[in-house]
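To start, the structure itself, in structure tokens.
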Amino acid sequence: MKSNIIKSSALLFTALVVLSGCEKKKEETAKVEIEPKVETFLLSKEKLTTELRLPAELTGFQQVDLYAKVSSFVKTLKVDIGTKVKKGQLLIVLEAPEISSQLAAAESRLKSMEAIYATSKSTYNRLYETSKVEGTISKNDLEMANGKKNSDYAQYQAAIAAHKEISIMRGYLEIRAPFDGVVAARNVNLGTFVGPAGKGSDLPLLTIQEQSKLRLAVSVPELYTGYLHAGDEMSFNVKSLPETFTAKITRMSGALDLKLRSERVEMDVHNTKGNLLPGMVAEVLLPLNAKDSTYVVPKSAVVSSAEGIYVVKVVNKKATRVDIKKGREIEDKIEIFGDLNPQDKLVKIASEETKEGDIINE
């Protein structure tokens, strides 16, 4: 009976030991499940090269609206929409009869004053030569003749100026091309009344565009302005043409537009084939090449939360949050800026669940 009790006790102790061992194994297994391994990587610098697609607009390298300087009527119209013109070519002849009359009157007055001045000048010269013989001409008569000559000379100069003014006004009746280009718009017909004021000045007579060379203008957001420089080459395309065109940055405004917070960048496009037209909307591919190497990490390593933007740094197997600022993004990579050093160990797939000081099981 005694031996049976001892055997039963031994069996019970053995069972307790086995159960205790199983519990310990379960706890260890639970710990392993609670603290899974976390993938990390070492921070390094690299140059991130990206491309930015932006809408742009093609315009004529030069464009001018031609208006009438004087009130007149269209007498001759020598061009129409699409006409190619050369610098100085006569485009429109205007008619203003009153200007012709004023010019004729100015010419008559000019000839009259020229004759009067010539007479007074000749009279003075004769008196001056005669006065060399003492007692022949009084000093007062000589001074009066000189004053008459100077007065007639002033009147003659005024007549010249008046004639020149009318001649210039007469020249405004001929509208000529200021540069080589194409007539893009025509708003008048024969007999149309035009002038510097009133209904005749609502629209320009003609619009001339230089289309052999175009401007490609694009507004670059503030974030990317530091990556572009004069001379950088970029490519662009338009919806109506299948080919890709290239151009170089020629001008940068050097200031941000107050409304868009962007910088205007212009490229010169040589339209040798003539297939590009002013007003076309283009899509520009701008290369953004970094000047210096920067920290580049996978996007999964950056946490954006209500507490801020940060990465999780591993220090002595403990999590430390480091606040950062984001830069450019390309595919699955992103630039970051913050209090970081090369070879810092960061968590590759970070989340808000990782708290400051948590143990990181690598």
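Numbers at a glance
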read-out	value
Most positive-pole-ward Cα, G357, A282, A185, against dipole of the chain from beta carbon charges	A185
Extent along principal axes [Cα atoms of region 271-328; Å; largest to smallest]	67, 28, 15
Note, ³J(HN,Hα) from phi for region 237-244, Karplus 6.51, -1.76, 1.60, rounded to Hz, x at Gly and Pro	9, 10, 5, 7, 10, x, 7, 9
Net charge dipole size for the chain [Lys, Arg +1 and Asp, Glu -1 on Cβ; Debye, nearest 20]	240 debye
Å² of accessible area per residue within the chain, as computed with a 1.4 Å probe and no ligands counted	63 Å²
Sequence-distant lysines (8 or more away, or on other chains) whose Cα lies within less than 23 Å of K325	K45, K47, K291, K299, K313, K333, K345, K348, K355
Tail beyond 17 Å, pair distance distribution of region 35-162 (Cα, percent)	79 percent
Under-5 Å amide H pairs with Q211, H placed in peptide plane, nonlocal only	V182
Principal semi-axes in Å for the chain [√(5λ), Cα gyration tensor, largest first]	95, 27, 16
Separation of alpha-carbon centers, region 147-225 and region 258-317, rounded to whole Å	44 Å
Within region 334-350, backbone nitrogen closer than 18 Å to the virtual label 7 Å beyond the Cα of L223 toward Cβ	334-338
Taking only Cα atoms of region 137-235, radius of gyration then Dmax in Å	28.4, 90
Karplus-derived 3J(HN,Hα), 6.51/-1.76/1.60, for each residue of region 46-61, Hz, glycine and proline x	7, 8, 9, 9, 10, 10, 10, 9, 9, x, 9, 10, 8, 9, x, 4
Centroid-to-centroid separation of region 340-359 and region 72-143 [C-alpha atoms, Å]	91 Å
Dimensionless Rg ratio for region 95-152, taking C-alpha atoms and the 2.2 N^0.38 Å reference	1.70
Farthest positive-ward along region 80-205 dipole, Cα basis, beta-carbon charges - from G82, I92, G195	G82
Accessible surface of region 243-326 [probe 1.4 Å, protein heavy atoms]: carbon and sulfur percent	51 percent
Descending semi-axes in whole angstrom, ellipsoid equivalent of region 186-332, from the Cα gyration tensor	49, 20, 13
Region 277-362, dipole about Cα centre (Lys/Arg Cβ +1, Asp/Glu Cβ -1), debye to the nearest 20	200 debye
Positive-end residue of T320, T294, Y310, charge dipole of region 284-335 with Cβ unit charges	T320
Set of aspartates and glutamates with alpha-carbon distance to K148 below 14 Å, sequence-local pairs under 8 removed	E114
Region 78-119 - charge dipole about Cα centre, Lys and Arg +1 at Cβ, Asp and Glu -1, debye rounded to 20	320 debye
For V284, residues with placed amide H under 5 Å, excluding near neighbours	L54, A56
Cross-link reach list, aspartates and glutamates versus K69, counting only Cα pairs under 15 Å and skipping chain neighbours closer than eight places	E95, E98, E165, E174, D202
Region 248-362 pair-distance distribution - Cα-Cα, 5 Å bins, rounded %	2, 8, 15, 15, 12, 10, 9, 8, 7, 6, 4, 2, 1, 0
Cα Rg, Dmax (largest Cα-Cα span) when computed across region 311-362, Å	11.5, 32
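The values are calculated or read from the model by the stated rules, or taken from the named source; none is laboratory data. None of the values given here were measured: they were computed from a predicted structure. Neighbour counts are summed over all protein chains in view; Cβ atoms, including those assigned to glycine, are modelled from backbone coordinates with ideal geometry. These accessible areas exclude ligands, DNA and RNA; they are computed on the full protein's heavy atoms, side chains included. Shrake-Rupley method; radii C 1.70, N 1.55, O 1.52, S 1.80 Å.
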